[in-house]
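What follows is a set of notes on a single structure, which appears directly below.
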Amino acid sequence: MAQDKDNSGALFTNDKKENDNQPDYTGPCVVNGKKMRISAWKNKAKTDGRDYLGLAFSEPQKPKEDGNDIPF
């Protein structure tokens, strides 16, 4: 899988998004050998109106006890 290769990952649509603070996309990635979570928000540049993705990296989320959450 691409998200198992070092310095790569995968983004999936966040179908559980409930407000603008939550990412539009999220997924697993590996950065310098460390498993991480990547989140992305759709944005529009204020200067010229071009679309872009804002990114954030974080520690992986722990799965929920009910097993219905993907741990990334």
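Any read-out appearing in this document is the output of simple, stated calculations on the displayed coordinates, not a laboratory observation. Values in this document were obtained by computation on a predicted structure and should not be read as measured data.
Could you give the semi-axes, largest first, of the ellipsoid that matches the stretch 1-65, computed as the square roots of 5 times the alpha carbon gyration tensor eigenvalues and rounded to whole Å? Walk me through the intermediate numbers first.
Values: eigenvalues 107, 52, 17 Å².
The three semi-axes for the stretch 1-65 are 23, 16, 9 Å.
For the set 5/44; 34/62; 5/35; 42/62; 35/62, the pairs lying more than 21 angstrom apart at their alpha carbons are 5/44; 42/62.
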